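Undergrad: Pasting in a structure now, in structure tokens, and then I'll have a few things to ask.
The numbers here are math on the coordinates, done by the rules we state, and not lab data. Bear in mind the structure is a predicted one, so any value in this text is a computation, not a measurement. No Cβ is skipped: glycine too gets one built from the backbone with ideal geometry, and neighbour counts run over all protein chains shown.
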Amino acid sequence: MAKIKLTKNELKKQKDSLKMYQRYLPTLMLKKQQLQAEIRITELRVRELTDEKNRLDESFKSWIAVYGEKGIFTPDIVRITSVRTAQGNIAGVAIPVFEGAEFAVSPYDLVTTPLWLDAAVERMRKVLLLDIEARIVEEQRRRLDHELRITTQRVNLFEKIKIPETRGNIKKIQVYLGDQQTSAVVRGKIAKRGLARAAGQGAPE
């Protein structure tokens, strides 16, 4: 703890600091709660997207195994060429928001290839879209989690260190100033009695 001056000016400074900490603490606690709620939402969304992607993936593999002909469909037939995101904001945190993606499909002969290949390409797009969105929502969660750690540190700093420390400083200064005032009063009374005694001794008979 830094040494404090036991003065009226320092007392005012400490009281002002206490008011500031008490004013900001509820805001920080509210932000902490908002971040915790948003993190739960992103975790749930990632789980939903991953489950849906895995479900489609398994269905897709089974479908290809039944209808596909060896060598006709390969995973690299559909490629991601770009991902579109916008910037969002949650509790003051900048986050990426998924808006869509562009794909390139390797050319294939519409005459010689079976009709199911078109459906396979479309299913592959859906699987890839789910995977991309899950990764972007995971990035949202990562950024929110980082901000939550910082906010929690600030809440703890104010709640467990700064506010108790400042209250202790105020009490210490008030006790000291109170003692000084009491000492001044006592000294004044002693001086007054001394003057009165001196005046009585010096009076003519």
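Undergrad: What's the exposure ranking of Val137, Val93, Val105, going from fewest to most Cβ atoms within 10 Å?
TA: Details: Val137 24, Val93 19, Val105 14.
Ordered from fewest to most neighbouring Cβ atoms within 10 Å, Val137, Val93, Val105 come out as Val105, Val93, Val137.
Undergrad: Contact order normalised by length for region 8-190, with contacts defined as Cα pairs under 8 Å and 6 or more residues apart; what percent is it? Can you show the working numbers first?
TA: Details: 149 pairs, mean separation 66.1, N = 183.
Worked out over region 8-190, it gives 36 percent.
Undergrad: Let me ask something else. Among Ser59, Ser82, rank each residue by its count of other Cβ atoms within 10 Å, from fewest to most, as a rough exposure measure.
TA: Working: Ser59 12, Ser82 9.
If I rank by nearby Cβ atoms, fewest first, I get Ser82, Ser59.
Undergrad: By counting other Cβ atoms within 10 Å of each Cβ, how are Tyr21, Tyr108 ranked from fewest to most? Present the calculation step by step, with values, prior to reporting the outcome.
TA: Numbers: Tyr21 19, Tyr108 14.
Fewest-to-most ranking of Tyr21, Tyr108: Tyr108, Tyr21.
Undergrad: Quick check: residue separation of Val97 and Thr50 times 0.36 nm, minus the Cα distance between them. What number comes out in nm?
TA: Working: separation 47, 0.36 × 47 = 16.92 nm, distance 1.71 nm.
That works out to 15.2 nm of additional length.
Undergrad: Could you name the aspartates and glutamates in cross-link range of Lys8, using Cα to Cα under 19 Å and dropping any fewer than eight places away on the same chain?
TA: Those aspartates and glutamates meeting the cut-off are Asp16, Glu165, Asp179.
Undergrad: Quick check for me: using +1 on Lys/Arg Cβ and -1 on Asp/Glu Cβ, what's the dipole size of region 8-190 about its Cα centre, in debye to the nearest 20? Display every interim value, and only then the final one.
TA: Working: 33 positive and 25 negative charges, 464 e Å.
The dipole magnitude comes to about 2220 debye.
Undergrad: In addition: Treat each spin label as a single point 7 Å out from the Cα along the C-beta direction, and report the Thr81 to Tyr24 distance in nm.
TA: Modelled inter-label distance: 5.0 nm.
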